[in-house]
1. Of the heavy-atom accessible surface of the chain (probe 1.4 angstrom), what whole percent is carbon and sulfur?
2. Apply the membrane-span-like helix rule to the chain: whole DSSP H runs, Cα extent along the own long axis of at least 20 Å, mean Kyte-Doolittle hydropathy at least 0.5. List the helices found.
3. Consider all pairwise Cα distances in the chain and report the whole-number % of them above 21 Å.
4. Among LEU50, LEU100, LEU11, whose mean-square fluctuation peaks in a Gaussian network model of the chain (Cα, cutoff 10 Å)?
5. Give me the percent relative contact order of the chain, please, defined on Cα pairs under 8 angstrom at least 6 residues apart.
6. Taking only DSSP H segments of four or more residues, each worth -39500 (n - 2.57), what value at 222 nm results for the chain once the sum is divided by all its residues, to the nearest 500 deg cm²/dmol?
7. Based on the Cβ-Cβ distance from LEU61 to MET31, what FRET efficiency comes out when R0 is 25 Å, to the nearest 0.05?
8. In Å², what does the accessible area per residue of the chain work out to with a 1.4 Å probe?
Amino acid sequence: MIRYLVLLFALALGQAVLTVGMTVFVFGSGMARFGTGDPAPAGVQIAGALVGVLAYPVLPLFTQLPLAMRPSGFPGEHLVFLVNGLVWAAGILALRRLWLRRRAGGRVGDA
């Protein structure tokens, strides 16, 4: 059980760090081109699409909250990314468990 929780939190932290890092990269690239009219390179467009995917499901719900209800500052805003990471980690571990059960289901003697 402890191993499962450590794996869950490690995956959640990894997803949150990846999302924040990619967001900073896309934002920084946009700021570098600000006012120039240059189109975004293909790599930045792909990174932007990846950020959009990684942000679901929690971050779009967070933006729907009234401004007064949104946490702000260091701990609050970062916790939203961590909660989003926990949702992703739980989904990944659930899919992994399902895949392992299906793979082991056809063999005799495996549990």
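The values are calculated or read from the model by the stated rules, or taken from the named source; none is laboratory data. None of the values given here were measured: they were computed from a predicted structure. Cβ coordinates were reconstructed from backbone atoms using ideal geometry, including for glycine residues, and neighbour counts include every protein chain displayed. In case anyone asks, the SASA skips ligands and DNA or RNA and just uses the protein heavy atoms, side chains included. Shrake-Rupley method; radii C 1.70, N 1.55, O 1.52, S 1.80 Å.
1. Carbon and sulfur together cover 73 percent of it.
2. Membrane-span-like by this criterion, though nothing is claimed about a membrane: 2-32, 73-105.
3. Roughly 53 percent, rounded to a whole number.
4. Of LEU50, LEU100, LEU11, the Gaussian network model singles out LEU100 as fluctuating most.
5. 41
6. Only helices count here, giving -26000 deg cm²/dmol.
7. So the FRET efficiency works out to roughly 0.40.
8. 73
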